[in-house]
Structures are given as structure tokens and as C-alpha cells.
1. Go through the residues of region 256-263 one by one and say whether even a single one is open to solvent by 20 Å² or more (accessible area, probe 1.4 Å) and in a loop (DSSP other than H, G, I, E, B).
2. What about Leu223, is it in contact with a helix residue (DSSP H, G or I) (Cβ under 7 Å, 6 or more places away or on another chain), surrounded by 14 or more Cβ atoms within 10 Å (Cβ to Cβ), under 23 Å from Phe60 (Cβ atoms) and at pLDDT 90 or above?
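The values are calculated or read from the model by the stated rules, or taken from the named source; none is laboratory data. Note that the structure is a prediction, hence the values are computed from the model and not measured. Don't worry about glycine lacking a Cβ; one is built from the backbone with ideal geometry, like all the others, and counts go over all protein chains shown. These area figures cover heavy atoms from the full protein model, side chains too; ligands, DNA and RNA do not enter into them. Shrake-Rupley method; radii C 1.70, N 1.55, O 1.52, S 1.80 Å.
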Amino acid sequence: MDKNKQTKSRIRDFNTISPSAKSLLLMKGYTNIPYARQTAELLKYPEKYTPDFGKKDFMFWARTLHFEERYWSIDDLLSNLNIKNILELSSGFSFRGLENSKQEGIYYIDTDLPSVIEEKKKFIPAQKNENDHFLGTLELLALNALDAEQFQEVVNHFPTGKITIINEGLLIYLDTDEKEKLCGIIHKILKDRGGYWITTDIYIKNQFENTDLKIDKDTSDFLEQHKIEENKFNNFDEAEEFFNRMGFDIDKEANVDQAKLSSLKYILNGNIEENFAAYQNFPKMQKTWRLKTK
């Protein structure tokens, strides 16, 4: 990467993305994702957070279901790994780290931009209750994932052993040069330490172009501002070729059990099995992959 491209990655202001983390959390508050409802309540305080489960907005429920399934897809790929060191990139207002730190031996580092991390730290005391037993370690650290030196400093906090790097909703904000830079950083870390990279960000373009599904103007404006559609892959084969070129192989693809999807019952009239069948027939726009270095 030339000097101008390196400078672009250093000075880019990712703070404009942070408001989307809050709106996503308010949506996840409609689900059974750990700590999502409690965090939404804290975020809205002193206003009252009252989810409207009678909402008749198909697109809202379709998006809620998508993001719920995306969340659980990471857990699906974590479940059969015996790796105790977990690094989450660009975590937003997800508290997966808090939930995972209940497991003995887990060392979980939750990272995002400084402003997000400082706000999350304030929430944690209110999240815990006397019935919780936290047997692992949780750190919340500021990290620009495109800063190789800072990335290595964070990784150095882990004890010896393999690590699993996870991210949910990061690559869609990065252009090709930035994706390549991130891949290079992660590849080096995993080559040194061993382990896996789990990413939900295998999104492909224009999957709803020929459907009647419409998103609201605020969401549309945000997607346009951050060139989300432009940053997606053209198709899944192109995505696989990209990661192969970056030195990764697909180890496993996530497959989420429908029983995990608490928002499924709201998406359509009919029973849950019918709803799930209809949901699976939507245009496939995203996959979650567990990657390993070649």
C-alpha cells in the first residue's frame, strides 16, 4: 500500500459510524441477545425503553431477525473451539464479552473506538447482578483495528496460546484497501499465535434490488454516506477468492438453529416453521465464516 493510502487509513474518522451502534442496539433490544434489553434501557434512560412487539412493520422485523441471526452465528462458530483468548473488534454496544467472561479461563478483550468503550464501561456495573458469577477475564480497550501497532499492543495483553478474533459488522465500512490492510494485520497475528478469525461480514451487493422491500430514509442515507453497498462483495465466490488471496481458507460456515431466533415469531403471520421457511427463501445477502491462515 502506498503512502497516500496509509495516510487515508490513519486519518479517516470512524466516529461517524458510532451512532449506528446505538440504533442497532435499540433494535436488538427486541431479542433475547444477552444484555441487549438491559443496555437499551440504560442507553435510553431517563426515557423509558418500551419495545413494541405489536409493530406491523415487515422490514423492521426482517432486519431485526437478520441482526439477531448474525449475532448468534458467531456463537455457533465459537462453540466447538477450545480457545480461551477471544478478541472482538468494533464491538459496538454488544456485551458478548460480558456474557463470555462467565466461563472459567476465558480471557476476552472487547475493543472499539475510545468514545464507545468509555460509554460501555459505565454500563457494566449496572449489567451485573448478584446471581452472576464471572470466572473469566474481561478487558475493554480502545482500538483502531487498522492500526497495526495498536492492534499488536492489545494482543499482547493475552496470556500465551491461540486466539480467536471476531467481528460483527466491520468490513462493510472498509474499502478494498482498508480490507486488505486489516487482513494483513490479522493474518500476521494468527500466524504468530495460532487460532481463527470469525467474521460476519460476508455481505454481497444488491440482493434486494428486485424486491419490494424498502428501508427507511435515515437508514438509506447512512448506508449511502458510508458507501456500504459499494463496500460489499459482488458475490460469495468473489469473497472467498479475496480471503484466499489474503492468505485465509474457510474453515467453517455458520448455521444458526432457528430455536435461537426469538424475533422469528414476529416476522410473518403463521407458525414459526412457516416463518423460518419464508425467511430462508429471502435473497441470501450474508454469511458468517470462520477463517484460518493457510
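1. yes
2. No.
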